[in-house]
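Some notes on the structure that comes next.
The values are calculated or read from the model by the stated rules, or taken from the named source; none is laboratory data. Because the structure is a prediction, the values reported are computed rather than measured. Every residue, glycine among them, receives a Cβ derived from its backbone with ideal geometry; neighbour counts consider all protein chains shown.
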Amino acid sequence: MTSITPAPQTVPVLGFRQNLAQFSLLVLVTAFVGGMVGLERAILPLIAEREFGLVSKSVILSFIVGFGFVKAFTNLAAGRFSDRIGRKGLLVAGWIVGLPVPFLLMWAPSWGWITVANLLLGINQGLCWSTTVIMKIDLVGPQRRGLAMGLNEFAGYFAVAITALASGYIAAAYGLRSAPFYLGIGIAAAGLFLSIFFVRETHGHARHEAKGQGGAVSVPFKGIFTLTSWRDRNLFSCSQAGMVNNLNDGMAWGLFPLFFAAANLSVERIAILAATYPAVWGVCQLFTGALSDRVGRKWMIACGMWVQAGGIGLIAAASSFSPWMTGAVLLGVGTAMVYPTLLAAIGDVVHPSWRASAVGVYRLWRDAGYALGALLAGIIADALGIVWAIAAVGVLTLASGLVVALRMSETLAERKTRGGN
C-alpha cells in the first residue's frame, strides 16, 4: 500500500516587502472602513438641527456617545477573540453588521433610528478596524511597525476626509438626505466582498513571531487588561493619550460643524473644514509612522498632543475661515504624530502571543474617548456655549501630552532589548 506524504506546511514569512500584496489589500480595506464613518463627519450634526429640529447639543451628540461606547467594547472583544479564533472571521462579521447602516441613515424617520445606525457603525468600525490593524502588525514583524501603522491610519483617515468632502458637496447639491449615503452602500459592499474572497488569515504570522521570542506566553486576560490600562507606565501613557486624542476627535466631529454653521458658513465650506483635519491627519501619517521607527515614540506622542491642543485653541479663539483652516491643519498634523505611533509603541512593549488582546484593551480606552468627548462637549456647550466646550477639550489635550512626557519611557529601547532589530 502506497503511503501518501503530507504536503509540507508553509512557514509564515514576516516583513513588509515579503507580504506587500496582502498588506496593500488590507490598506484598501481599511480605506473602506474609514469611508463608512466619513459619510457622517460633515453632515450628520446638520441633519440633527435642520431635519429633526434638535436644539440641545447633548442630544445632538448622542449619536457619537453610542458609537463611541459600542466601538470601544467591540475593540476589546475583537482583540481578545483575534488571539483565540483568528482575525479574518471577525473582519467579515464587521462588514455584515455595517451593511444596513447607510440605509438606516437614508430612511430614518426619527433621531432614534440615527442612533441605532451609529450603534451598528460602532460594531462595524470596532471589528473591521481592529482586525485590519492587528493583521498588518502580524504581517510586517517588529522592524517596520511604525511604517505599517502609518500606512494603515493614512488609508483610513484620508478616506474619512474624502468621503466627508464628497458627502458635503452631494448634500449641498441634492439635500442632506438621501443622496450622500448612496456612497455608503457601495463602500460596505466592496469591503465585504474583498474581505470574504481575498483577505487571508494572519494569525499564523503572529504565532511564528512568538516562536522567535521563546514561544507563546500565557497571560490571563485580567492581567492584560490591568497592564494595558494602568499597571505598565508605558501602556498606561498610550491608553490615556489615545483616549484624549479621540475625546477631542469626538468633540470635533459633533461640534465643529455646528460651530461653523453658527458663523453662517455654507455647507460646502463646512465640508472643506471637516475634511481638512482628517485629510492632513491621513497624509501626514505616511511619514510620521515611519519617522517614529527612527526617532522614537515618546516625544512624537507628547509633542503631537501639544500640537493638537494648539490647533483646538486656535479654532476656539478665531472667528473666520482662514484661522479655522490653520487650526484644522494643526489638529491634523498633531493627530498624525500620535495615532500610528501609539499603536507602534504598544507593539514594541507587548509579547506577540497576547498583542491582539493588548491592542483591544488600548482601543477600548481610545475609542471610549469618542463617547466621553461627546458627553463632555455637549454638557459644556449647553451650559456655557460651544466656544467654552472646544477650549476645555484643548486644555485636556495639553494635559495628556504632559502625562506622556512625565510617565512614558522610550519603547524603541524595549523593542531592541527583546531582539526586535
Discussion item. So for the range 301-315 (the condition being within 19 Å of Ile386 (Cβ to Cβ), at pLDDT below 95 and of a type in the set (Gly, Ala, Ser)), does at least one residue qualify?
Written reply: no
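What number of residues within the range 10-61 satisfy the criterion of being farther than 26 Å from Arg145 by Cα, in a loop (DSSP other than H, G, I, E, B) and small (Gly, Ala, Ser)?
Filtering the range 10-61 for residues farther than 26 Å from Arg145 by Cα gives 39-61.
Remaining after also requiring in a loop (DSSP other than H, G, I, E, B): 39-43, 51-56, 61.
If we keep only those that are small (Gly, Ala, Ser) as well, we get 42, 53, 56.
Matching residues across the range 10-61 total 3.
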Worksheet item: What about Asp367, is it farther than 26 Å from Thr228 by Cα and assigned to a helix (DSSP H, G or I)?
Response: no
Discussion item. Only one of Val59, Val55 is surrounded by fewer than 17 Cβ atoms within 10 Å (Cβ to Cβ) and over 24 Å from the mean Cα position of the chain (by Cα). Can you tell me which?
Written reply: Val55
Worksheet, complete the sentence: The one condition Ala328 fails out of (1) out of contact with any Ser or Thr (no Cβ under 9 Å at 6 or more places or on another chain); (2) buried (at least 22 other Cβ atoms within 10 Å of the Cβ); (3) of a type in the set (Gly, Ala, Ser) is (1)
Discussion item. Going by what's in this entry, would Ser409 be described as under 24 Å from Ser229 (Cα atoms), in a helix (DSSP H, G or I), in contact (Cβ under 8 Å) with a residue 60 or more places away in the chain and of a type outside the set (A, V, I, L, M)?
Written reply: no
Worksheet item: Which one of these does Ala164 not meet: (1) closer than 29 Å to Asn19 by Cα; (2) touching a Lys or Arg at 6+ places or on another chain (Cβ under 6 Å)?
Response: (1)
Fill in: Check on Ile64, of a type in the set (Val, Ile, Thr), in a helix (DSSP H, G or I), surrounded by fewer than 24 Cβ atoms within 10 Å (Cβ to Cβ) and out of contact with any His (no Cβ under 6 Å at 6 or more places or on another chain)
no
Worksheet entry | Check on Arg355, over 23 Å from Ala275 (Cα atoms), in contact (Cβ under 8 Å) with a residue 24 or more places away in the chain and surrounded by fewer than 24 Cβ atoms within 10 Å (Cβ to Cβ) | yes
Worksheet item: What are the residue pairs meeting all of these: first residue in the range 97-111, first residue farther than 15 Å from Arg50 by Cα, second residue in a helix (DSSP H, G or I) and not hydrophobic (A, V, I, L, M, F, W, C), Cβ atoms under 6 Å, and 6 or more apart or on different chains?
Response: Val97/Asn124; Gly98/Asn124; Pro102/Gly184
Worksheet item: Taking the range 156-213 as the search range and keeping residues that are assigned to a helix (DSSP H, G or I) and of a type in the set (Lys, Arg), which one is modelled with the lowest pLDDT?
Response: Lys211
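Would you call Phe236 touching a Phe, Trp or Tyr at 6+ places or on another chain (Cβ under 6 Å), of a type outside the set (Val, Ile, Thr), in a helix (DSSP H, G or I) and at negative phi?
yes
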Worksheet entry | Unmet criterion (only one of (1) at pLDDT 95 or above; (2) over 30 Å from Ser266 (Cβ atoms); (3) surrounded by fewer than 24 Cβ atoms within 10 Å (Cβ to Cβ)) for Val404 | (3)
Fill in: Residues being surrounded by 24 or more Cβ atoms within 10 Å (Cβ to Cβ) and part of a loop (DSSP other than H, G, I, E, B) - total across the range 69-122
1
